[in-house]
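Student: First, the structure itself, so that you have it in front of you.
The values are calculated or read from the model by the stated rules, or taken from the named source; none is laboratory data. Since the structure is predicted, the reported quantities are computational estimates derived from the model, not experimental observations. Cβ coordinates were reconstructed from backbone atoms using ideal geometry, including for glycine residues, and neighbour counts include every protein chain displayed. Ligands, DNA and RNA are stripped out before the accessible areas are found, and what is left, the full protein with its side chains, is counted by its heavy atoms. Shrake-Rupley method; radii C 1.70, N 1.55, O 1.52, S 1.80 Å.
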Amino acid sequence: AQKVTQAQTEISVVEKEDVTLDCVYETRDTTYYLFWYKQPPSGELVFLIRRNSFDEQNEISGRYSWNFQKSTSSFNFTITASQVVDSAVYFCAGGDSWGKLQFGAGTQVVVTP
Amino acid sequence: DSGVTQTPKHLITATGQRVTLRCSPRSGDLSVYWYQQSLDQGLQFLIQYYNGEERAKGNILERFSAQQFPDLHSELNLSSLELGDSALYFCASSERTGGGETQYFGPGTRLLVL
């Protein structure tokens, strides 16, 4: 069975600070997929990024970057120069070969002006 | 806007009743997934359909059932409702099936059972 751990319950930052969200995904599968989703106060779930387990290259997209390390099962996500609109709950999720997503408990990010 | 639509947006009903939640996937997507989000259980996968057929099942109660129709829209039926069924129900869709597919979520249906 898969397990997704987001140890941080809430992170509070001041605008323009960087925010790093931690995620640990444990599975026996050799091939799996990792995702980050954002849930703003309005409630919808917004897809942010996806990573395959066989690709450990770190990437940057705009203000978002992510760091995947297979050896430690960690899939961390960073928001650079945070803005008030980044305030939301961020979920890490792992997908098995069938496509079923297992979500972490979420991390509440609060960005104050 | 993800392109996934869900109706109704809000639903208030009483214990013991039955409700139907509806989902229309993004244009071209063949897979539909249902998730439940509650305060105590978090986000949980319920069931997946691909091109009309059930593909995977998660923590879905026997009182709940779903189907995907030929036009690819899906319905989630919840019966003999209990207070604990109050939650946000999400539908998601993806182009195909399999782990590498990105799932795009609808806005959700907020169900309140009184």
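Student: Given 0.36 nm per residue, what is the gain on full extension from A:T9 to A:E26 after removing their alpha carbon distance, in nm?
Tutor: Working: separation 17, 0.36 × 17 = 6.12 nm, distance 1.89 nm.
That pair, A:T9 and A:E26, stretches by 4.2 nm at full extension.
Student: Which of the GluC sites (Glu not before Pro) across the range A:28-76 are loop residues per DSSP, with 12 or fewer other Cβ within 10 Å?
Tutor: Loop-located and lightly packed - A:E56.
Student: In whole Hz and in residue order, list the ³J(HN,Hα) couplings for the range A:35-52 that follow from phi through the Karplus curve 6.51 cos²θ - 1.76 cosθ + 1.60, θ = phi - 60°; x for Gly and Pro.
Tutor: These are the phi-based 3J(HN,Hα) values: 9, 10, 10, 10, 10, x, x, 5, x, 6, 9, 10, 5, 10, 8, 9, 9, 8 Hz.
Student: If Lys and Arg each add +1 and Asp and Glu each add -1, what is the summed charge of the other residues whose beta carbon sits under 15 Å from the beta carbon of B:Y104?
Tutor: Summing Lys/Arg as +1 and Asp/Glu as -1 gives -1.
Student: Next question. Roughly what would the spin-label model give for A:V46 and B:K57, points 7 Å off Cα along C-beta, in nm?
Tutor: Going from the A:V46 label point to the B:K57 one covers 3.6 nm.
Student: If you don't mind, another one. Can you give the extra length, in nm with one decimal, that the chain gains between A:Q69 and A:V110 once fully stretched, where that is 0.36 nm per residue apart less the Cα-Cα distance?
Tutor: Here the segment from A:Q69 to A:V110 would lengthen by 12.1 nm.
Student: Now, a different point. Could you compute Rg(Cα) / (2.2 N^0.38 Å) for the protein assembly as shown, with N its residue count?
Tutor: In units of the 2.2 N^0.38 Å rule of thumb, it is 1.02.
Student: Among B:A14, B:G99, B:S65, whose Cα projects farthest towards the positive end of the dipole of chain B, with charges put on the beta-carbon of Lys, Arg (+1) and Asp, Glu (-1)?
Tutor: Of the candidates, B:A14 comes out farthest on the positive side.
Student: Counting only the backbone N, which residues of the range A:11-45 are under 18 Å from the spot 7 Å out from the Cα of A:D55 toward its beta-carbon?
Tutor: Residues passing the 18 Å test: A:30-37.
Student: Leaving ligands, DNA and RNA out of it, report the carbon-plus-sulfur percent of the accessible area of the protein assembly as shown at a 1.4 Å probe.
Tutor: After summing per-atom areas, the C and S share lands at 47 percent.
Student: Expected output is a single nm value to one decimal: the length gained when fully extending between B:D40 and B:F69, i.e. 0.36 nm times separation in residues minus the C-alpha distance. What is it?
Tutor: 7.3 nm
Student: Could you give the dipole magnitude of the protein assembly as shown about its Cα centre, charging the beta-carbon of Lys and Arg +1 and that of Asp and Glu -1, in debye to the nearest 20?
Tutor: 280 debye
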